[in-house]
Amino acid sequence: MAVELDVFVGNTIIMSEEVYQLWLDGYTVNDAVKVRMEGGVLDEFDAKVDVVLSDTMDQYRTFQMCERLLHSPTKLANQLLFQIPPHRQATLIERYYAFDDVFVREVLGKKLSKGTKKDLDDISAKTGVMLKSCRRQFDNFKRVFKVVEELKGPLVENIRQHFLLSDKLARDYAAIVFFANNRFETGKRKLQYLTFQDLAFCAGQLINNWTVGAVDNMVEDMDVDLDKDFLQELKELKVLITDKDLLDQHKSLVCTALRGKTKAFNEMEANFKNLSRGLVNIATKLTNTKDVRDFFIDLVEKFIEPCRSDHWTAADMKLYLTHYTNSAHILDTFKSVTVIFMYLFCTFISPARVTLFIFSSLAFLKFSKAAWLQES
Amino acid sequence: MPGKLKAKIVAGRHLPVMDRASDLTDAFVEVKFGNTTFKTDVYPKSLNPQWNSEWFKFEVDDEDLQDEPLQITVLDHDTYSANDAIGKVYIDIDPLLYSEAASVISGWFPIYDTIHGIRGEINVLVKVELFNDLNRFRQSSCGVKFFCTTSIPKGYRAAIVHGFVEELVVNEDPEYQWIDRIRTPRASNEARQRLIFLMSGELQRKIGLKVLEMGGNAVVGYLQCFDLEGESGLVVRAIGTACTLEKLSSGSGTHTHPNTAPASNACNSPSKDGKESPLAHGCRSTHNSPVHSACSSQRLSQNFSVSVPTLIFTGMGSGSMGKDAGPLKTLLRQQTQTALEQREFPFFTLTSFPSGFLLHVGGVVSARSVKLLDRIHNPDEPETRDAWWEEIRQEIKSHAKALGCHAVVGYSESTSICEEVCILSASGTAAILNPRYMREGCLDLGGSDQRFEDPSPSSCGFCHIPYDELNMPFPAQLTYCFHCRRQKVPDVLFTTIDLPSDAAIAGKGCFIQARLCRLKKKGQGEANATAISNQLPFMEYELHTQLMNKLKLRSMNALFGLRIQISVGENMLLGLASATGVYLTALPAPGGIQIAGKTPGDLNTEQHILNIQKRINDTIAKNKEFYEVNPPDLTEEVVGSPIPEPRLRSRLFRSHSESSDELSELDLSHGKKDAFVLEVDDTDAVEDIHSLLTDASPPKGFYSCNTETMPGIYNWTSALQMFTSVRVLRLSNANLSNQALNKVFTDLCENLLKSFYFKLRSMIPCCLSHLVFSVAVPEEDLIQVAVTAVAMTFDKDQTQEKPAEKPITKGCSEAEDQLQFSLELCTDSSSINSQSSSKNSGVPESSHLSTRDRCSTWLELLRLKAHTIRRGSVKTSRRTQSLAHSVSSLEHSSPLTEGRSRSLRSSRSFGGSSVSVVKMTPLSFLPGTRIVKYVGIINMFFIRETTSLREEGGVSGFLHSFVAEVFAMVRAHVAALGGNAVVSYSMKDCVLMENPNKNQCQCLINVSGDAVIYIRETDQEVTGSTANIGLSCTSSADGAT
């Protein structure tokens, strides 16, 4: 007695969010049925397997038919095939574009190409996210990337409008697009302790402060690329480490400000030159695409790791960086030679400072927490 | 030129990519009406073309306007090869031909292709200018309104109910023409779709003519069906009830008196005609077609035909041949000899009536006949088919007479075809109607009629027997009515109509289904037909017994909405009887079910019997509780009832301890065993008992019925979900016994119901209404069951006095982040409660209004908050989402949220381009709303075919998307007419033919319904709602630009 055909179609779409999630997670119909049965949703209903199976099949089919529409969410609102209440539409879209942090961490900064797609089964095995789900997430990244790549204006806003995503999710996608576009290296072992949310935060800072769009919304270019002029101007920071006088002045300014405020003062004073050199070197090399890719790894190696070995706390780092940049400012007042430079420095470095500072401290916080855990 | 049709093609969107190279499409549109075709310019390289064409004008006869659909074809221009068709839209312009209906058709229509399904959408504007044509001999019947609704449409008043109209049109099926061998499947499907559109247009026009002739202005309960007879052709037939409807001017209260010309004309014409010649009366249904009574016998000898002896169901569990109508004529009362009597067929397709219309109900009458099909030689003279139906109708009429009734209500006709064998069936409920409705021009709906009739109160009057108790057409047990104690009533009543609104009942109703599967030998021609017709009476009897037993098991005593379908396949016959059981307090309480063994003395069997008996008694008790059947104190009845014969009484109150004496007596009187006593030694009985006890009652919070309204539930809330479900079962082993087959079939139906309960569990408390099952045997070893129904929520406790306050305060006290859980609940119930309370009070609620308004806006605010809260929480973690599920499903069940959140959200990123919501329901009303306008009848026929079945997800995937597409097209047409709902929606046909080996499948679906505009009952003013509509309109307009 085989059921040859079994369909159930409602005038208004019939879906359970639980089943939708199972579908998104890449469960096969049979596995989904198992999960649902185990979930005990049906206890009160004395539902047999075949009832659950039939329900699951119906919903899976519905989702498959919807999937085409979900690829361009704006269509979902004015398509006629399914009658979907607006709040359902929002849920459908939001969930479809939601992703697993573990998965995205793996592909972050990689080129969204066929080559990467081939590696998805490895990533799936590594992260425990089902291959089907990996494919969906990867395709989502790619789709969003493709659409916003050509668009002008603010990145987050573009994503939100074209994919009808929530603000939070749109920001995450902006980060993914930004990373993919600039191909930041994030896969190195030393960077593994950073979660996607850490990196997404940094990306948000970079987008807001280091891109062309950050300066002027009317500019033709968009948020995806770092501002070349700015990177060029960063080169002029070199003077902070090449000019011996300036370096000493800078150091003394910072040390005066820091004295007595932190336990790690001695290490700070001792390492000032090293650290400053590290930071400035990273900043001045950024005109080189290769070095842009290594931005995060360089930051960790040249700045965060030395601090870590000196047992700085996150507060120490914050303090240090605040005064480091403030003092650089002050230098400006009695160094008339570098007026022009400092002018540029102010417009551009101040946002950069925030980024660097927050990024570093955040990263450090992470790190120190791990170290602390290890010690205890 | 009596009419000018104008069409304008505005734009397209979401078109498919037709040019692989550029990933774009060069689309243009052909607009065709009759033989005239216009084309738009090609809009190059776009998937969202903006044609913005001129107005294409067609000057046509109104006859054509009625028959022809407007045909819009979207094509892809190709310079070098033939243009590729993207898809088509057929627009029925009939709704534009009534004066008061839609004035323009405007909106987005799905572009439909029979191979690919929906491929984008097209925005079209259609208008009609009609010139008044007073030609007496005109062939058109513009202006006659059609309603699928089987009651007097809301907002109208039936001045006169003229009676039965019928017509059928036949043609050759394009699928079977020789040309089909050389044309593409697409061309053949399109030819078929177009032909059926044309035929149904023609059919409506012809019926309209008959209505005009009778003096009516509308057809209510319009039922149109297709018979795909294969080789022998295509028949489109329709029946309906002609009426003169008057629009009730709502609100103002001034009733326009019907002294208008058409009405008075109408009331004179039938009777006048009647006097002049008894044959030329108003509703002679075959008026236009050649009279065929003379030659029919000759035809019959040509075409093989078997007339099946028919059963009359009166609820007595007996299958008597109701042919002895003779002596009864004398019993008919003087009053009933009205115009009705003289009509050829005093039939009414209506199932519910204005109060006072229905005087007495006799019982179900049905007739079936088995015919052998042969090619329709001359499509213009469909006399064979006409004669067949005429025969059956005559039979029904005589059955009704035998029951002492002069009319048949809740009348319907159907066919089942397998190869060359065709079973024609007709059924209805014999009844006596108030003749005033037939004759007089002016009637007040309630009120004074009862003065003229017997003084029985309307709550029980319809139960009183119309026949004479001394000359009963069948053995029946009569008692005095338990209400008025003056008239006799039968102990059980079966009908095909809805429960009259004023009937007194106890408890709630219940869906009852009898299923039967009978094997039959494969055969050919006459032998096959004879074999089938020999089986039919037995099937009917068995179905009837099942129904009766199940009714007793639920301790109910009446069935409404009874619909018996018998389907024929190559090697089996399927019978499915569905009805809604009710406990009518006017009728005596039903007895229990007694199990008896054939061989007393055997201890084992005795024990077994006792066990079964106990289970049955338990089930009865359980059911009583579930359906809240608490008949008013029975003991009193026994003492005080004026029933004369003690023997009868003892029978009526027969308990489980029925004596064997009576048993034998019953055996004598019936020639069969009593329905209440089941002998377990009998294999049939074992099966019966088994099926009785395996019928699971619906889970808590669920009720179901197949009638318009669920008896015993009145406090509907406005959430509803219409659905269609189709299941096909393949019988794996060919050598099944009847019994095993029955089990399979029963399980199939039961599982379907269980499935519905499960899928719709988020709507609890809820009722599945208008459950319509239709069975078919598409191929050998396949059983197909298609169900359309609506799930409606209701308020569990309506007695609550001031329910609005409590939940709100509760909502307040809750922490904000928990709001989303409780809020949906309480806003829902509060709004509902306020609604129902206002309904109950019936007082102008302006005093409450302001507070309520404030409440609702406040709630809206909260809801908005809840929304944002939820949005925030969406992404946090996947595990919590399963929790949130229960919330959103609740929300889903609240229609208020639908409307409100839409407006809220439109300000959000959706840009307001969302599609307006169209509700669909098989019922004639939408709970919590008022229908303000009927904008036109929807009658659509679609074919879908695929040659890549596997790629589309198998048969299920294929049908799933097709059904969704059909819904989409219906909604689009309704929206284009300006409507926001479809009522009385039904899926008449769903014919599925598959060939998995060739990776092919074809499906035909026919749907119909009435497009309406409704407003929420809570909206005090119509303007309020129109503002609402306007809002959504503008927002959609915004989105379009």
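The values are calculated or read from the model by the stated rules, or taken from the named source; none is laboratory data. If you're wondering where the values come from, they're calculated on a predicted model, not measured in any experiment. Positions of Cβ are generated from backbone atoms using ideal geometry, with glycine treated the same way; all protein chains shown enter the neighbour counts.
Kindly check whether there is at least one residue in segment B:590-609 that is within 25 Å of B:D747 (Cβ to Cβ), part of a helix (DSSP H, G or I) and over 24 Å from the mean Cα position of the chain (by Cα). Talk me through it step by step, then tell me what you get.
Step one: filter segment B:590-609 for residues within 25 Å of B:D747 (Cβ to Cβ), giving B:593, B:595, B:608.
Checking the rest, the ones that are also part of a helix (DSSP H, G or I) come to B:608.
Still in the running and over 24 Å from the mean Cα position of the chain (by Cα): B:608.
Yes, segment B:590-609 has at least one match.
So, in segment A:54-69, exactly how many residues are in contact (Cβ under 8 Å) with a residue 24 or more places away in the chain and crowded, with 20+ Cβ neighbours inside 10 Å?
Qualifying residue count, segment A:54-69: 10.
Within segment B:53-92, how many residues turn out to be part of a loop (DSSP other than H, G, I, E, B) and either buried (at least 22 other Cβ atoms within 10 Å of the Cβ) or touching a strand residue (DSSP E or B) at 6+ places or on another chain (Cβ under 6 Å) (or both)?
The first filter runs over segment B:53-92 and keeps only residues part of a loop (DSSP other than H, G, I, E, B), leaving B:53-55, B:61, B:68-69, B:77-83, B:92.
Now narrow it down to the ones that are either buried (at least 22 other Cβ atoms within 10 Å of the Cβ) or touching a strand residue (DSSP E or B) at 6+ places or on another chain (Cβ under 6 Å) (or both): B:53, B:55, B:68-69, B:77, B:83, B:92.
Qualifying residue count, segment B:53-92: 7.
What's the total number of residues in segment B:13-48 that are farther than 30 Å from B:M199 by Cα, touching a His at 6+ places or on another chain (Cβ under 7 Å) and of a type outside the set (A, V, I, L, M)?
Counting residues in segment B:13-48 that are farther than 30 Å from B:M199 by Cα, touching a His at 6+ places or on another chain (Cβ under 7 Å) and of a type outside the set (A, V, I, L, M) gives 1.
Given the structure, is A:V129 within 14 Å of another protein chain (Cβ to nearest Cβ) and in a loop (DSSP other than H, G, I, E, B)? Walk me through how you get there before you give the answer.
On the way: within 14 Å of another protein chain (Cβ to nearest Cβ): yes; in a loop (DSSP other than H, G, I, E, B): yes.
Yes.
Restricting segment B:513-558 to residues that are among the aliphatic types (A, V, I, L, M) and assigned to a strand (DSSP E or B), which is surrounded by the most Cβ atoms within 10 Å (Cβ to Cβ)? Give the derivation first.
We begin by selecting, within segment B:513-558, every residue among the aliphatic types (A, V, I, L, M); these are B:514, B:516, B:519, B:527, B:529, B:531-532, B:536, B:539, B:543, B:547-548, B:551, B:553, B:556, B:558.
After this cut, where a residue has to be assigned to a strand (DSSP E or B) as well, the list is B:514, B:516, B:519, B:558.
Details: B:A514: 25, B:L516: 25, B:L519: 15, B:A558: 28.
The selected residue is B:A558.
Regarding segment B:162-185, can at least one residue be identified that is surrounded by fewer than 24 Cβ atoms within 10 Å (Cβ to Cβ) and among the small types (G, A, S)?
no
In the set B:F773, B:F702, B:F745, which member is within 25 Å of B:K796 (Cα to Cα) and touching a residue at least 60 places away in the same chain (Cβ under 8 Å)? Steps first, answer last, please.
Values: B:F773 fails: within 25 Å of B:K796 (Cα to Cα); B:F745 fails: within 25 Å of B:K796 (Cα to Cα).
Criteria check complete, one pass: B:F702.
Limited to segment A:45-71, what total is found for residues that are more than 8 Å from chain B (Cβ to nearest Cβ) and within 21 Å of B:E952 (Cβ to Cβ)?
Pass one, segment A:45-71, residues more than 8 Å from chain B (Cβ to nearest Cβ): A:49, A:53, A:56, A:59-60, A:63, A:66-71.
Checking which are within 21 Å of B:E952 (Cβ to Cβ) leaves us with A:53, A:56, A:59-60, A:63, A:66-71.
Going through segment A:45-71 one residue at a time, the tally reaches 11.
Determine whether B:I392 is assigned to a helix (DSSP H, G or I), under 23 Å from B:S352 (Cα atoms) and modelled with pLDDT of 90 or more.
Details: assigned to a helix (DSSP H, G or I): yes; under 23 Å from B:S352 (Cα atoms): no; modelled with pLDDT of 90 or more: yes.
Against the criterion (assigned to a helix (DSSP H, G or I), under 23 Å from B:S352 (Cα atoms) and modelled with pLDDT of 90 or more), B:I392 does not qualify.
Check off (1) in contact with a Phe, Trp or Tyr (Cβ under 8 Å, 6 or more places away or on another chain); (2) at pLDDT 85 or above for B:I160 and give me the number that stays unchecked.
(2)
Please work out if B:Y757 is within 8 Å of chain A (Cβ to nearest Cβ) and either part of a helix (DSSP H, G or I) or surrounded by fewer than 18 Cβ atoms within 10 Å (Cβ to Cβ) (or both).
When the stated conditions are applied, B:Y757 passes them.
Give the residues of segment A:155-211 that are of a type in the set (A, V, I, L, M) and free of Cβ contacts under 8 Å to residues at least 24 places away in the same chain, sorted by residue number. So that I can check it myself, show each step before the final result.
Narrowing segment A:155-211 to residues of a type in the set (A, V, I, L, M): A:155-156, A:159, A:164-165, A:169-170, A:174-177, A:180, A:191, A:194, A:199-200, A:203, A:206-207.
Residues satisfying the conditions are A:I159, A:A170.
Could you check how many residues of segment B:480-512 are in a loop (DSSP other than H, G, I, E, B), in contact with a Leu (Cβ under 6 Å, 6 or more places away or on another chain) and hydrophobic (A, V, I, L, M, F, W, C)?
Number satisfying all stated conditions: 0.
Of the residues in segment B:1-31, how many are surrounded by 15 or more Cβ atoms within 10 Å (Cβ to Cβ) and either within 15 Å of B:F109 (Cβ to Cβ) or in contact (Cβ under 8 Å) with a residue 60 or more places away in the chain (or both)?
Residues that pass the stated criteria total 21.
Do we find a residue being in a strand (DSSP E or B), more than 9 Å from chain A (Cβ to nearest Cβ), touching a strand residue (DSSP E or B) at 6+ places or on another chain (Cβ under 7 Å) and touching a residue at least 60 places away in the same chain (Cβ under 8 Å) anywhere in segment B:951-974? Break it down stepwise before answering.
Residues of segment B:951-974 that are in a strand (DSSP E or B), as a first pass: none.
Within segment B:951-974, none of the residues are in a strand (DSSP E or B), more than 9 Å from chain A (Cβ to nearest Cβ), touching a strand residue (DSSP E or B) at 6+ places or on another chain (Cβ under 7 Å) and touching a residue at least 60 places away in the same chain (Cβ under 8 Å).
For segment B:144-170, how many residues meet the condition of being among the β-branched types (V, I, T) and not in a strand (DSSP E or B)?
Result for segment B:144-170: 4.
Scan segment A:180-209 for residues that are of a type in the set (A, V, I, L, M, F, W, C) and within 17 Å of A:E157 (Cα to Cα) and jot them down. Spell out the reasoning first.
Within segment A:180-209, the first condition is being of a type in the set (A, V, I, L, M, F, W, C), and the residues that meet it are A:180, A:184, A:191, A:194, A:196, A:199-203, A:206-207.
Within segment A:180-209, A:A200, A:F201, A:A203, A:L206, A:I207 meet the criteria.
When you scan segment B:377-387, do you find a residue that is modelled with pLDDT of 85 or more, assigned to a helix (DSSP H, G or I), crowded, with 17+ Cβ neighbours inside 10 Å and of a type in the set (A, V, I, L, M, F, W, C), even just one? Even if it seems obvious, please write down each step before you answer.
Here is the first cut: in segment B:377-387, the ones modelled with pLDDT of 85 or more are B:386-387.
Narrowing further to those that are assigned to a helix (DSSP H, G or I): B:386-387.
Subsequent filtering for residues that are crowded, with 17+ Cβ neighbours inside 10 Å retains B:386-387.
Subset that is of a type in the set (A, V, I, L, M, F, W, C): B:387.
Scanning segment B:377-387, I find at least one residue that is modelled with pLDDT of 85 or more, assigned to a helix (DSSP H, G or I), crowded, with 17+ Cβ neighbours inside 10 Å and of a type in the set (A, V, I, L, M, F, W, C), so the answer is yes.
For residues that are closer than 13 Å to B:H973 by Cβ and in contact with a Ser or Thr (Cβ under 8 Å, 6 or more places away or on another chain), tally how many sit in segment B:917-941.
First pass over segment B:917-941, keeping only residues closer than 13 Å to B:H973 by Cβ: B:918, B:920, B:935-941.
Filter again for in contact with a Ser or Thr (Cβ under 8 Å, 6 or more places away or on another chain), leaving B:937-941.
Residues that pass the stated criteria total 5.
So which residues in segment B:93-143 are at pLDDT 85 or above, in a loop (DSSP other than H, G, I, E, B) and closer than 26 Å to B:G216 by Cβ, if there are any at all?
B:I93
Residue check, A:K111 against (1) buried (at least 18 other Cβ atoms within 10 Å of the Cβ); (2) within 30 Å of A:E185 (Cβ to Cβ); (3) basic (K, R), all met but one. Which one?
Single failed check for A:K111: (1).
List the pairs whose first member sits in segment A:3-18 and is within 7 Å of another protein chain (Cβ to nearest Cβ) and aliphatic (A, V, I, L, M), whose second member is surrounded by 22 or more Cβ atoms within 10 Å (Cβ to Cβ) and not in a helix (DSSP H, G or I), and whose Cβ atoms are under 6 Å apart, counting only residues at least 6 apart or on separate chains?
Between residues of segment A:3-18 that are within 7 Å of another protein chain (Cβ to nearest Cβ) and aliphatic (A, V, I, L, M) and residues that are surrounded by 22 or more Cβ atoms within 10 Å (Cβ to Cβ) and not in a helix (DSSP H, G or I), the close pairs are A:L5/B:V728; A:V7/B:V726; A:V9/B:T724.
Looking at segment A:83-101, which of the residues that are in contact with a Leu (Cβ under 8 Å, 6 or more places away or on another chain) and at the interface with chain B (Cβ under 8 Å from one of its Cβ atoms) is surrounded by the most Cβ atoms within 10 Å (Cβ to Cβ)? Don't jump to the end; show me each part of the working.
From segment A:83-101, those in contact with a Leu (Cβ under 8 Å, 6 or more places away or on another chain) are A:84, A:89-90, A:92-98; that's our starting set.
If we keep only those that are at the interface with chain B (Cβ under 8 Å from one of its Cβ atoms) as well, we get A:89-90, A:94-95, A:98.
Numbers: A:Q89: 23, A:A90: 26, A:E94: 19, A:R95: 18, A:A98: 19.
It comes out as A:A90.
Name the one entry in B:V787, B:V728, B:V775 that is under 24 Å from B:S416 (Cβ atoms), more than 10 Å from every other protein chain (Cβ to nearest Cβ), at pLDDT 90 or above and not in a loop (DSSP other than H, G, I, E, B). Break it down stepwise before answering.
Details: B:V787 fails: more than 10 Å from every other protein chain (Cβ to nearest Cβ); B:V728 fails: more than 10 Å from every other protein chain (Cβ to nearest Cβ).
The match here is B:V775.
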